[in-house]
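In what follows, a single structure is set out as structure tokens and then discussed.
The values are calculated or read from the model by the stated rules, or taken from the named source; none is laboratory data. Not measured: the values here are computed from a predicted model. Glycine also receives a Cβ, built like all others from the backbone with ideal geometry; neighbour counts cover every protein chain displayed.
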Amino acid sequence: MSSYGIRSDEEQLAFLSTRISRLSKTLERLETLGMTSVTSAGSSKTFRNQEEIRRELERAEREYLIINSRLQKHPINPHFKEAVICNRRQY
């Protein structure tokens, strides 16, 4: 990281790779649990919303693709890419 706290493209890709991996594992765990909260013996635990994690994962994947394309010297328009990459109904 530079002295100004700004990551280079390579550092940002490494950060996003780690984040994508972590979010994927979190989403898998939440889908397996199939619940948002648990109460047992007087203690309660609340899990993050699956849809929120899915949105964060998609955002991280889109950002990774944009930066990776820029490094490969094939920059893409992020608005066009979103239309191609995100084919989910709510978008």
Residues that are within 20 Å of Q12 (Cα to Cα), more than 8 Å from the chain's Cα centre (by Cα), charged (D, E, K, R) and surrounded by 11 or more Cβ atoms within 10 Å (Cβ to Cβ): does segment 22-36 have at least one? yes
F15 under 27 Å from Q72 (Cβ atoms), free of Cβ contacts under 8 Å to residues at least 24 places away in the same chain and surrounded by 14 or more Cβ atoms within 10 Å (Cβ to Cβ): yes
Take the residues in segment 11-21 that are of a type outside the set (A, V, I, L, M, F, W, C) and closer than 12 Å to E63 by Cα; name whichever of them is farthest from the chain's Cα centre (by Cα). Q12
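Within the group R48, R54, R62, which residue is surrounded by 10 or more Cβ atoms within 10 Å (Cβ to Cβ), of a type in the set (K, R), under 17 Å from the mean Cα position of the chain (by Cα) and modelled with pLDDT under 85?
Working: R54 fails: modelled with pLDDT under 85; R62 fails: modelled with pLDDT under 85.
None of the other options fit; the residue is R48.
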Just the residues that are modelled with pLDDT of 90 or more and of a type in the set (A, V, I, L, M), please, taken from segment 7-39. L13, A14, L16, I20, L23
